[in-house]
Amino acid sequence: MKIANLPRPRKTIGLITVIFTVGRVFVTAQTNAVTKEEVERLRSELNRLTQEMQLTLRTYQERINQLESAIRTLEGGAMSSNQPTAHLAEIQSTGSKTNLAVSPTGDTTRFQYSWGRGYIGLSLEVASVVGWSTTSEVAELNPGAHNPKRRGFTLQNVELALEGAVDPYFQGTGIFSTHTDPHGEFHFEWEEAYAETFSIPGGFQLKAGKFLTEFGRHNSRHSHQWDFVDAPLVLSRLLGPHGLNAAGMRVSWLAPTPFYSELFFTVQDSRGDGAYSFLGESESSLFLGRPRAHRDLRGFGDLLFVPRYAVSFDLTDSHTILLGASTAFGPNNAGYGTRTEIYGVDLTWKWKLRTQHGGYPFVSFTTEALLRRAEVDEFSNDLNGNGTLDSGEDDVFGTGHVYNIPSETVKDWGLYTQVSWGFKKGWVASLRGEYVAPVEIARYENILGPDPERVERWRISPSLTHYLSEFSLLRLQYNYDDRKHLGEDHSMWFQLEFSLGEHGAHKF
């Protein structure tokens with residue numbers, strides 16, 4: 001195999017260094033500018049160069065992977081022809097990586113976790129919480145899958161992640177997670193398993209497999225990336241305990257603008273526990289006052305479609321803002337022709353001094369609001385009209401009464417707002433306020449009574465987080481809950497999180 005046309009690593013590093021140097025020069029020029037017009041011009045040029053740098057880095061990453069693949073192929077061929085006896089020289093732990101040193105021909109070759117011809121990054125994330133609440137029904141108070149589920153100890157999440165370059169075209173990710181239910185039993189799942197392209201001309205990128213959907217600000221984040229012990233109420237209620245998470249495909253386009261501007265379009269399966277408001281599964285047999293119909297997919301229109309647009313730009317050297325709008329629409333199982341639409345908007349603002357040290361001090365503000373419109377069919381448990389429950393049918397409402405429920409469109413909404421203050425290196429104080437409620441009382445609730453999954457509710461949560469290092473944290477959080485018709489509750493949680501191995505950088 002010829003590799004002469006591939007870039008040398010030293011030349012690649014040199015080119016990337018030049019790009020960063022140009023960026024630094026423009027930042028310096030921006031600082032010394034004497035007119036407002038000149039400052040704006042330089043900032044626009046800097047944003048443009050940043051976009052070009054991101055695309056260039058993607059391209060060079062692809063070229064680097066080609067070179068590494070070629071080298072591995074040649075080394076593999078040399079080993080096969082010479083047939084040396086490879087032996088393990090040493091195993092060293094360096095920070096968050098484990099390097100294996102082997103000497104097949106007398107020279108030491110270091111490589112990361114590897115099997116066969118591929119390289120793989122391995123990490124383990126663990127989150128555990130202990131606490132107490134004034135209600136024993138903690139699972140009803142915290143419906144999210146990775147939230148605290150009972151008084152005492154809860155293993156919120158154990159996450160094993162495998163990431164690596166598949167070839168010069170794709171990188172692969174597999175995330176296996178487990179959590180405990182209110183009874184202490186473990187539940188295992190492949191939370192994500194997908195392939196994502198390195199670089200496609202024109203700023204496009206493809207993702208395929210099972211993954212957390214890019215809807216809003218919070219949904220695509222794993223529990224170890226949360227700023228609080230639990231997920232926001234509005235997401236658990238409208239998107240479901242597991243959030244939007246299903247098998248499918250996503251295409252994104254990074255627009256060639258002087259600021260960050262990206263469009264996402266996702267098509268996913270509308271079934272499973274990650275599609276709660278659609279054809280998803282749930283522990284409850286009811287969805288908005290109707291027995292779940294358990295519909296199957298009949299065509300392309302029965303899939304789940306999720307478009308999102310996000311834009312970010314710097315207001316000043318110290319202030320950055322990100323805006324997003326998302327929509328999700330697809331069929332639901334409250335009938336045989338019914339559909340659900342969910343709309344969301346989000347805003348994130350962050351302040352950080354140019355003279356900051358290690359990311360501190362900073363202030364970040366995030367708010368996200370969602371609205372759900374769900375069509376539901378009429379339902380009767382007395383189809384023959386004789387005034388009694390249909391023979392052979394289960395009493396899904398558990399009352400022994402006959403109900404005739406009309407069709408309607410049920411609307412719910414909610415929001416959360418949170419602010420975090422990194423007042424000292426490693427220390428972050430946060431406050432979150434939340435509110436969820438029905439837009440109006442549904443007609444089925446006038447017949448069956450208030451639906452506990454739609455009850456008006458608000459919650460306020462102060463928390464204090466201490467990052468012991470990049471790999472561990474301690475968090476103390478208090479929740480005050482006020483649920484209409486159900487009363488007030490107080491909860492206190494103490495959380496420990498830690499990680500082992502490599503883990504990628506978190507998104508802004």
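Do you know which residues across the stretch 124-181 are closer than 20 Å to Arg475 by Cβ, more than 20 Å from the chain's Cα centre (by Cα) and surrounded by fewer than 18 Cβ atoms within 10 Å (Cβ to Cβ)?
Scanning the stretch 124-181 gives Val130, Trp132, Arg151, Gly152, Phe153.
Of the numbered conditions (1) surrounded by fewer than 22 Cβ atoms within 10 Å (Cβ to Cβ); (2) over 18 Å from Thr340 (Cβ atoms), Asp230 fails exactly one; give the number of that condition.
(1)
Check whether at least one residue in the stretch 308-318 is closer than 29 Å to Glu408 by Cα and surrounded by 16 or more Cβ atoms within 10 Å (Cβ to Cβ), and report yes or no.
Yes, the stretch 308-318 contains a residue that is closer than 29 Å to Glu408 by Cα and surrounded by 16 or more Cβ atoms within 10 Å (Cβ to Cβ).
Any residue in the stretch 335-349 that's on the phi < 0 side of the Ramachandran plot: show its pairings with residues that are assigned to a strand (DSSP E or B) and among the hydroxyl-bearing types (Ser, Thr, Tyr) at Cβ separation under 6 Å, as long as the two are six or more apart or on different chains.
Hits for this filter: Tyr343/Thr327; Gly344/Ser326; Leu347/Thr367; Thr348/Thr366.
For Ala325, only one of the following conditions fails: (1) crowded, with 16+ Cβ neighbours inside 10 Å; (2) touching a Phe, Trp or Tyr at 6+ places or on another chain (Cβ under 7 Å); (3) within 21 Å of Gly344 (Cα to Cα). What is its number?
Only one criterion in (1) crowded, with 16+ Cβ neighbours inside 10 Å; (2) touching a Phe, Trp or Tyr at 6+ places or on another chain (Cβ under 7 Å); (3) within 21 Å of Gly344 (Cα to Cα) is unmet by Ala325, namely (1).
Given Leu383, Leu353, which one is in a strand (DSSP E or B), surrounded by fewer than 14 Cβ atoms within 10 Å (Cβ to Cβ) and at pLDDT below 95? I'd like the intermediate steps shown before the answer.
Numbers: Leu383 fails: in a strand (DSSP E or B).
Answer to the check: Leu353.
Collect the residues in the stretch 129-153 that are part of a strand (DSSP E or B) and under 23 Å from Asp227 (Cβ atoms), keeping them in residue-number order. Give the steps one after another, and end with the answer.
So the first thing to find is which residues in the stretch 129-153 are part of a strand (DSSP E or B), and the list is 129-133, 152-153.
Within the stretch 129-153, Val129, Val130, Gly131, Trp132, Ser133, Phe153 meet the criteria.
Looking only at the stretch 228-265, how many residues end up being more than 30 Å from Asp302 (Cβ to Cβ) and without any contact (Cβ under 8 Å) to a residue 60 or more places away in the chain?
Final tally of qualifying residues: 2.
Sort out which residues of the stretch 396-417 are among the β-branched types (Val, Ile, Thr), closer than 19 Å to Arg292 by Cα and in a strand (DSSP E or B), and write them in order of number. Reasoning before the result, please.
To start, the set of residues in the stretch 396-417 that are among the β-branched types (Val, Ile, Thr) comprises 396, 399, 402, 405, 409-410, 417.
Filter once more, keeping what is closer than 19 Å to Arg292 by Cα: 396, 399, 402, 405, 409-410.
The answer is Ile405, Thr409, Val410.
Filter the stretch 328-350 for residues that are under 20 Å from Ser420 (Cβ atoms) and surrounded by fewer than 16 Cβ atoms within 10 Å (Cβ to Cβ) and give the result.
Result: Leu347, single match.
Looking at Leu496 and the list (1) in contact with an Asp or Glu (Cβ under 8 Å, 6 or more places away or on another chain); (2) of a type outside the set (D, E, K, R); (3) touching a residue at least 40 places away in the same chain (Cβ under 8 Å); (4) in a strand (DSSP E or B), which single condition is not satisfied?
(1)
Do you know which residues across the stretch 154-204 are small (Gly, Ala, Ser) and either in a loop (DSSP other than H, G, I, E, B) or in contact with a Cys (Cβ under 7 Å, 6 or more places away or on another chain) (or both)? Even if it seems obvious, please write down each step before you answer.
Within the stretch 154-204, the subset small (Gly, Ala, Ser) is 161, 164-165, 172, 174, 177, 184, 193, 195, 199, 202-203.
Listed by number, the residues that qualify are Gly184, Ser199, Gly202, Gly203.
Is one or more of the residues making up the stretch 422-433 surrounded by fewer than 20 Cβ atoms within 10 Å (Cβ to Cβ), modelled with pLDDT of 95 or more, closer than 25 Å to Leu286 by Cα and over 23 Å from the mean Cα position of the chain (by Cα)?
The answer is no, given that none of the residues of the stretch 422-433 is surrounded by fewer than 20 Cβ atoms within 10 Å (Cβ to Cβ), modelled with pLDDT of 95 or more, closer than 25 Å to Leu286 by Cα and over 23 Å from the mean Cα position of the chain (by Cα).
Go through Asp346, Asp317 for me and flag whichever is under 30 Å from Thr367 (Cβ atoms), more than 27 Å from the chain's Cα centre (by Cα) and not β-branched (Val, Ile, Thr).
Values: Asp346 fails: more than 27 Å from the chain's Cα centre (by Cα).
Unique residue meeting the criteria: Asp317.
Could you figure out which of (1) at pLDDT 95 or above; (2) over 24 Å from the mean Cα position of the chain (by Cα); (3) not acidic (Asp, Glu) isn't true of Asn333?
All conditions are met except number (1).
The values are calculated or read from the model by the stated rules, or taken from the named source; none is laboratory data. Source: prediction; values computed, not measured. Ideal geometry is used to build each Cβ from the backbone, glycine not excepted, and the neighbour counts take in all protein chains shown.
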